[in-house]
Amino acid sequence: MALRVAGDFDTSYARDMATLRQPWHWWALLGFLAVLALLPQVAGSYLLGILNTIAITVITVQGLNILTGYAGQISLGQAAFMTVGGYISALLVSRLGLSFFVALPLAGLGAGLVGLAFGLPSLRVKGFYLAMATLAAQFIIPWFVRNAYRDVLNGAQGLVVPVPELAGVRFDTPNSYFYITLAVVCISTYVAHNIGRSRLGRALIAIRDNDLAAEVLGINPFKYKLQAFFISAFYAGVAGALWAHYTRHINSETFDLIDSVWFLGMVVIGGLGTSNGPIFGAVFVRLLREAVVLLSPALGRLFPALEANILAALGPIVFGTALMLFLIFEPHGLAHRWQVLKAAWRLRPFAH
Amino acid sequence: MNWALFPQFFVTGLLNGGPIALVALGLVLIFKSSKIFNFAQGHILMLGTFTAWWLLTQAALPTWAGIGLALVVVMLMGFAIERVALRPLVGQPLLSIILMTLALSQVMQGGAILLFTAQQRRFPQLFPLEPYKLPEITIGETTVRIILKQNLVWSFVIAMVAVVLFALFFQYTRMGLAMRATAEDHQLARSIGLRVNHIFGLAWAISGVVATVGGILLASLSGLGLELSIIALKAFPAVLLGGLESIPGAIIGGLAIGAIEALVQGLPKDSTIRSMWPIAPYIVLVIALIVRPEGLFGLKRIERI
């Protein structure tokens with residue numbers, strides 16, 4: 001819990017539970033959202049491209065955070081569930097002519113149901129056994145979309161995904177698409193934050209900390225774990241659909257095992273089981289990636305022999321090293337750092 | 001189904017399972033001593049095999065010296081990983097340790113590209129190409145022919161020898177006993193004066209060596225590239241099928257996964273089912289998890305609060 005100034009007491013339960021505690025919190029939030037909403041009008045498509053990528057990553061990492069951060073179930077299949085969501089949305093829009101905005105939640109629903117299927121082994125196993133079950137998802141789902149129903153799914157070529165339209169407006173540039181991703185991120189953040197402090201979130205935390213003790217308390221671990229799987233895969237499906245309609249193409253290799261590993265890394269770097277952690281983690285890792293992309297031509301000139309491979313080599317090295325350093329020195333992630341920083345600010349100029 | 005081909009595919013599959021079994025053996029070794037499931041195994045063996053390739057072709061060492069030196073390098077790498085990456089995590093939850101091995105795998109992936117570039121390489125031939133031919137057997141109308149590649153036969157033999165050696169090591173040596181004690185309970189092992197950290201380091205070193213032997217055998221068969229690390233992903237189903245604590249289980253699991261892959265690839269008439277062979281191990285994995293999570297020979301843990 002955040003440190004408070006002495007003498008600052010809550011006078012009602014509603015106030016005690018509030019996320020936005022002071023009037024200026026509201027102004028800060030509205031101001032931040034207003035700046036984000038104005039960005040597509042003033043900024044270039046490069047910046048908006050990065051922001052779209054970050055926003056979509058935030059959504060899928062928020063889902064994974066509910067499963068891994070709150071419920072403590074390790075999942076290596078988040079990218080596979082994104083594939084499911086992307087394909088479902090692409091098929092619903094291009095084959096059935098549904099609106100993208102109807103297909104988006106349906107994609108989440110479909111991915112959630114597939115996630116439930118791969119969550120079923122959690123009835124009997126936990127820990128890395130479950131990581132294995134989700135690893136299986138990461139192989140079986142791409143195989144399915146590559147080889148099954150070739151006339152519909154178009155095999156290894158994948159699908160061309162239509163541009164979303166609403167009331168005559170086409171969201172076909174990074175700038176216009178940002179309004180969609182921004183809206184979805186706002187909703188997903190609101191839901192994820194409230195899941196964390198609801199009955200569901202507390203049950204998941206109890207299961208994470210000690211599943212047997214949780215069961216003794218009357219929490220049905222299987223039921224709650226499956227709910228966490230469903231929510232996590234739902235988020236992944238929505239993110240996958242957003243990504244497919246953003247890049248307008250999807251195939252079995254759009255999201256692969258490495259992406260799943262990166263999402264897990266983002267959850268840890270941001271802070272496991274915190275509501276702002278996924279945002280910190282996704283922003284940090286994506287910006288790190290952009291920095292590597294920007295730096296690699298210069299490094300390539302320094303070491304000409306490696307020029308062709310420098311990006312492929314540096315990306316994993318930088319990410320892996322960052323993750324290792326966080327695991328060793330700050331296992332609570334950036335969200336914890338943020339808390340410490342806020343406390344220090346509040347207590348300034350005193351040390352304690 | 002073409003039953004005349006069954007023996008050929010079955011035997012080839014079993015032999016293919018040899019390297020998988022070696023990698024699985026490495027996973028079990030680490031798990032037995034430290035309860036860590038090593039997702040970086042594939043990348044360790046890939047780096048080890050690349051080192052062997054470099055020593056044999058670029059440094060032009062004789063075969064035995066090149067491979068021996070590469071194994072020493074992998075061993076040192078195992079000790080280094082334990083010291084740098086895992087010791088700071090003692091007492092951290094399982095998730096941190098799994099993620100640490102995943103982070104290590106990413107660093108090694110990048111390192112391999114940086115040191116050896118992403119090109120596909122030809123590994124020098126270790127065994128003659130001339131295959132062994134078993135005598136033909138005719139049963140009724142079908143004639144059964146079995147052809148065995150020498151690489152496969154030798155990797156199978158090496159895998160079997162490794163298993164026997166490790167079984168003896170765990171059963172009869174002081175170090176083996178110490179490793180078994182550490183696996184049982186870290187605190188207890190410490191209290192009787194075992195240096196748990198050294199044992200972890202040793203487990204990582206041995207497991208890297210075993211896996212690299214598998215990697216070299218595989219590379220001499222089908223070439224060397226970054227995707228060599230994928231073999232470790234096939235070793236996971238093997239380990240879970242066999243049971244996480246069991247050395248014979250790892251071997252049987254590895255051979256079974258090899259055989260299942262080969263049979264799915266070769267036997268069914270329907271091409272869609274035949275194309276399922278890369279995911280067949282994972283389907284086995286899911287079934288094993290649901291039906292018998294502790295594996296064929298693993299231990300069933302009873303939990304108390």
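Compared with the direct C-alpha span, the chain from B:I192 to B:F127 gains 18.7 nm at full extension, assuming 0.36 nm per residue. Taking the Cα centroid of the range B:15-34 and of the range B:117-178, what is the distance between the two, rounded to the nearest whole Å? So the two Cα centres are separated by 15 Å. Expressed as a fraction of 2.2 N^0.38 Å, the value expected for a compact globular protein of N residues, the C-alpha radius of gyration of the range A:49-179 is 1.15. Charge dipole of the protein assembly as shown (Cα centre as origin; +1 on each Lys and Arg Cβ, -1 on each Asp and Glu Cβ, all else neutral): 920 debye, rounded to the nearest 20. Taking every residue in B:267-280 and counting other chain Cβ atoms within 10 Å of its Cβ, the average works out to 2. Structure note, pairs B:K234/B:K300; A:K223/B:K35; A:K126/B:K234; B:K32/B:K234; A:K223/B:K32: Cα-Cα distances above 25 angstrom occur for A:K223/B:K35; A:K223/B:K32. Ordered from largest to smallest accessible area (heavy atoms of protein chains, 1.4 Å probe), the residues A:I66, B:I206 come out as B:I206, A:I66. Taking beta carbons within 10 Å but only from partner chains, what does the mean come to for residues A:321-331? Mean shielding count: 5. Near the amide H of B:V144, within less than 5 Å, lie the amide hydrogens of B:I137, B:T138, B:I139, all on another chain or at least 5 residues away, with H placed in the peptide plane.
Compared with the dominant Cα axis of chain B, that is its longest principal axis, helix B:230-242 is turned about 80°. The angle between the Cα long axis of helix B:150-172 and the longest principal axis of the Cα atoms of chain B comes to about 30 degrees, rounded to the nearest 10.
The heavy atoms of A:D209 offer some 110 square angstrom of accessible surface to a 1.4 angstrom probe.
Between B:R180 and B:F6, full extension at 0.36 nm per residue minus the direct alpha carbon distance yields a gain of 58.6 nm. Accessible area of B:V291 (1.4 Å probe, protein heavy atoms only, ligands and nucleic acids ignored): about 100 Å².
Per residue, the accessible area of chain A comes to 47 Å², computed with a 1.4 Å probe over protein heavy atoms only.
Count Lys and Arg as plus one, Asp and Glu as minus one, and take only other residues whose Cβ is under 13 Å from that of A:D256; the net charge is then -2. The helix-based estimate of mean residue ellipticity at 222 nm for chain B, built from -39,500 (n - 2.57) per DSSP H run of four or more residues and divided by its residue count, is -22000 deg cm²/dmol to the nearest 500. Counting, for every residue in B:287-295, the Cβ atoms of other protein chains within 10 Å of its Cβ and taking the mean gives 4. Only protein atoms count toward the accessible area here, which uses a 1.4 Å probe; on chain A, the carbon and sulfur part of that area reaches 69 percent.
For the pair A and B, the buried accessible area comes to roughly 4000 Å² in total, with a 1.4 Å probe and the value rounded to the nearest 100. Working note: Karplus 6.51/-1.76/1.60 with θ = phi - 60° gives the range A:324-331 the couplings 4, 5, 5, 4, 7, 9, 9, x Hz, where Gly and Pro are set to x. Using R0 = 30 Å, the C-beta based FRET efficiency linking A:F350 and A:T11 works out to 0.70. Working from the Cα coordinates of chain A, the gyration tensor eigenvalues give, after taking √(5λ), semi-axes of 32, 26, 23 Å in decreasing order. Where the alpha-carbon atoms of the range A:287-348 are placed on the principal axes, they occupy 52, 21, 14 Å, in descending order. Since only A:Y224, A:Q157, A:S296 are under comparison, the one whose Cα sits farthest along the positive direction of the charge dipole of chain A, derived from C-beta charges on Lys, Arg, Asp and Glu, is A:Y224. Taken about its Cα centre, the range B:19-232 carries a charge dipole of roughly 440 debye when the Cβ of each Lys and Arg holds +1 and the Cβ of each Asp and Glu holds -1.
In chain B, the longest principal axis of the Cα atoms and the axis of helix B:41-53 are about 70 degrees apart. Taken one residue at a time, the phi angles of the range B:17-26 give Karplus couplings (6.51, -1.76, 1.60, θ = phi - 60°) of x, x, x, 4, 5, 5, 5, 4, 4, x Hz. Gly and Pro are set to x.
Surface calculation, 1.4 Å probe, protein heavy atoms: B:T272 sits at approximately 60 Å² accessible.
Go from 0 up to the bin containing the longest alpha carbon distance in the range B:19-232, width 5 Å each, and give me the % of pairs per bin. Over the range B:19-232, the share of Cα pairs per 5 Å bin runs 1, 7, 14, 18, 17, 14, 11, 8, 5, 3, 2, 1, 0, 0 percent. Derived scalar couplings between HN and Hα for the range B:81-90 equal 4, 4, 5, 7, 9, 9, 4, x, 9, 4 Hz in order, rounded to whole Hz, by the Karplus curve 6.51 cos²θ - 1.76 cosθ + 1.60 (θ = phi - 60°), x for Gly and Pro.
The values are calculated or read from the model by the stated rules, or taken from the named source; none is laboratory data. Just so we're clear, the structure is a prediction, and the values are computed from it rather than from any experiment. Note that we place each Cβ from the backbone using ideal geometry, even for glycine, and neighbour counts take in every protein chain shown. Areas reflect the complete protein model, heavy atoms only, side chains present, ligands, DNA and RNA absent. Shrake-Rupley method; radii C 1.70, N 1.55, O 1.52, S 1.80 Å.
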